[in-house]
Ligand SMILES: [Zn+2]
Ligand SMILES: [Zn+2]
């Protein structure tokens, strides 16, 4: 017997062997498609490829797509667990042709897969083709192709537009479908037969015939709403086969829940609850609900959805609550959902992109080898996720290398001619010094011998106290003064265009600068002190992170500015707030110890022998500076440092976040900047306390109380609203008329609000049990109509969308929707009574 993992793998490799690219499932949260709550079909990730907006390097694809459907006519959440084949989460197997092959291959592939690979008996299979309707011709081509495969004509059923025509929306590609059905047995119950009518076979809602594969032939395009169809120049193929159904059929099970996709979870529920599966219909349904919802919960959360009160999060919360409610029906009063979800997770068969990247990046393990070994063990890899990680890394290294490439030739020439610029900033105070001007650079491209007032140029001296940006520490600013004060230039920034050359970006304020003149060079001292403190703090932070998080922590980059410091480090999980506090405490403790920061100049080889930590991405000359800001930490560093740790004053972490897989970033403040930050927070707390008429100490308690009050008020408001609509729906019920044995209710409700209409129609429909409801209303040139029908009438051919379209003509508008609920808008509210009256005629007719 084939396991579901084998069915999936057989499917994907079947199409891979026939020239299809195996594409990994996309996330359940659709990318770039705000109209869609969840990915609900295999074609979602290829939407733009089908419309031609996006090009890929392949024209045939196959995938096993994760899908969630939790609402709508085909998957009302309330059905799940009570039928053999409704699910909130499922996998859709599919093969796709983007303007490549068409019907002939699609039909031949599908038939070969189900009869040869799965080995299903051809005499238990039937197919359907589009019958032709709404002016679209019937699909004789598909009919002939099925005949050619050996399907007897009596087993090829012709179905109409609703069953066998597919469209992406009101406009865009569309076309006929063709389905493959599997005969499960005529002993299964059928609601039609129970009502004294014959079973409708492949078109019936019952389980006797199970649809296992739908082939969509995209051969037309609708350019505008309601415009006639035009043939697509390059028709495409989109197919979908539910893995759960395929597995059930392959394993000879009549219910998806009896397959190996669900049995381990059901077994877990049996074990937890102590009840038997198969002993009571009510218990069985509850167990199936838990099994289905555990799968949906596991996959939604792993794709980043969190339970909340809106959008996707709200759907997830409803699913989890429903599972928990059915747990309590089984007397499962302990916390059980994490256990059943865990069963799903241990069954998960995809290695994450992060893991594949980690194996490649850290251990040099090539991704394709990972894939081979994973597949041997029934796992797949998230290739798209892996490629995304690779792209991020490439972007990072390109960014890091961009400075080097852009360096114009002139700096290399200057470095060769002038030799290394001597940096005076390490010695003594290090803020001031004297230097001879050796070169003036204009626009990074040419040299000049003189620069006058107003000009912005770059100055190169033989020696300077200005620090050129490097190792993450920003460049200094300050002033250059010459000729006894007659010449002044403001230094705006200092860079190292090549490692040995310090270049000062300067604006001439007064006088004229000449090459060969001697200048007094003064760094902005306060700014430099702040940079020293921030820079020195990064050494202490590095040491503290190693002590608290572990020796694996490595510096991955840093920025040291006068007003903050940023420190990137390698670590795989987010540190807890306790860990960050411990790091902060350690750094502040070392600051208070006020130890001397030592610097030694030595040869690189000696430095390495002494155990100095080399920093990531740094380049070192022959002679290196070995810095110990903390007595136990020895690092190679060319930056400027405080004399004693006490000069740092105070250290405060402001944020910690993830910037790439396995790389985190801390932003922190020191000295007066840290104090100002704490003081600002204090002011905010005081302001908030005043607004809430509370004290800082009572603030949280007060906010809690206010939130509770808001929740109470919201609940009361909801109750009041629910009461008022349920009362009015009861009153309205008396107005229903009976026409040809059908209860029909048409009424006016103002103001017209689609949301209110829908909820009202739902309530009336529930109370009518069997009937048709129409609600209309409006003003100011806007009219709204809504029609709803109960499922039994829909099954008998009543179509709310068709009714509302006819009625909409009265109000000068148009509409549409589903067979059980549809709405229309128009411009003439005065004709609402006529439109509502029309319903009775339509039903009569
Ligand atoms: Zn039936
Ligand atoms: Zn340093």
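A short reminder: the numbers here are calculations on the coordinates, not readings from a lab. Just so it is clear, the model here is predicted, and its values are computed rather than measured. Note: ideal-geometry Cβ built from the backbone for every residue, glycine included; neighbour counts use all protein chains shown.
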Checklist entry - By how many degrees, between 0 and 90 and to the nearest 10, does the Cα long axis of helix 353-363 differ from the longest principal axis of the chain? => result 40
Checklist outcome for this item: Listed with the fewest Cβ neighbours within 10 Å leading, 226, 762 appear as 226, 762
Checklist entry - Please state the relative contact order of the chain as a whole percent: Cα pairs under 8 Å, 6+ residues apart? => result 6
Item to check | Value of relative contact order over the stretch 497-612, rounded to a whole percent, pairs C-alpha under 8 Å and six or more apart | outcome: 20
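Below 8 Å between Cα atoms, with a sequence gap of 6+, how large is the relative contact order for the stretch 269-326 in percent? All intermediate terms of the calculation are to be shown ahead of the outcome.
Details: 45 pairs, mean separation 18.3, N = 58.
32 percent.
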Item to check | Model label zone, residue 308; criterion: amide N under 17 Å from point 7 Å along Cα-to-beta-carbon; scope the stretch 35-60 | outcome: 35-39
Item to check | Least to most buried among 703, 237, 335, 653 (fewest other Cβ within 10 Å first) | outcome: 335, 703, 653, 237
Item to check | Where labels lie 7 Å past Cα in the beta-carbon direction, separation of residue 354 and residue 809 in nm | outcome: 6.0
Next on the checklist: Normalised by the empirical 2.2 N^0.38 Å for globular proteins, what value does the Cα Rg of the stretch 621-663 take?
Outcome noted: 1.59
Checklist entry - How much length, in nm to one decimal, is gained on full extension between residue 377 and residue 510, taken as 0.36 nm per residue of separation minus their Cα-Cα distance? => result 40.3 nm
Item to check | Full-extension gain in nm, residue 592 to residue 721, via 0.36 nm per residue minus C-alpha separation | outcome: 40.2 nm
Checklist outcome for this item: Between the Cα axis of helix 577-593 and the main Cα principal axis of the chain, the angle (0 to 90°, nearest 10) is 10
Next on the checklist: How much of the pair distance distribution for the stretch 228-281 lies past 16 Å, counting alpha-carbon pairs only, in percent?
Outcome noted: 61
Item to check | Fraction of antiparallel bridges per DSSP, the chain only, in percent to nearest 5 | outcome: 85
Checklist entry - Quick one: if the Förster radius is 22 Å, what FRET efficiency do residue 748 and residue 845 give, using the C-beta to C-beta distance and rounding to 0.05? => result 0.45
Checklist entry - Say R0 is 51 Å: what FRET efficiency, to the nearest 0.05, do residue 144 and residue 1 get from their beta-carbon distance? => result 0.90
Checklist entry - In degrees between 0 and 90, to the nearest 10, how far off the longest principal axis of the chain does helix 699-733 point, with axes built from Cα atoms? => result 20
Checklist entry - Between residue 740 and residue 197, what is the spin-label point distance in nm, taking each point 7 Å from the Cα along the Cα→C-beta axis? => result 1.3
Checklist entry - What is the extension gain from residue 780 to residue 520, computed as 0.36 nm multiplied by their sequence separation minus the C-alpha to C-alpha distance, in nm to one decimal? => result 85.7 nm
Checklist outcome for this item: Here, residue 409 and residue 108, labelled 7 Å along Cα→Cβ, have an inter-label distance in nm of 6.2
Checklist outcome for this item: Expected sort for 687-696, 507-516 on mean C-beta neighbours within 10 Å, highest first, is 507-516, 687-696
Checklist outcome for this item: Ranked from fewest to most other Cβ atoms within 10 Å of their own Cβ, 442, 832 fall in the order 442, 832
Checklist entry - Where Rh denotes the Kirkwood radius from the mean inverse Cα pair distance, what is Rg over Rh for the chain? => result 1.09
Checklist entry - Between the stretch 93-110 and the stretch 628-695, what's the alpha-carbon centroid distance in Å? => result 60
Next on the checklist: Output needed for the stretch 38-137: three equivalent-ellipsoid semi-axes, defined as square roots of 5 times the C-alpha gyration tensor eigenvalues, in descending order, whole Å.
Outcome noted: 25, 22, 17
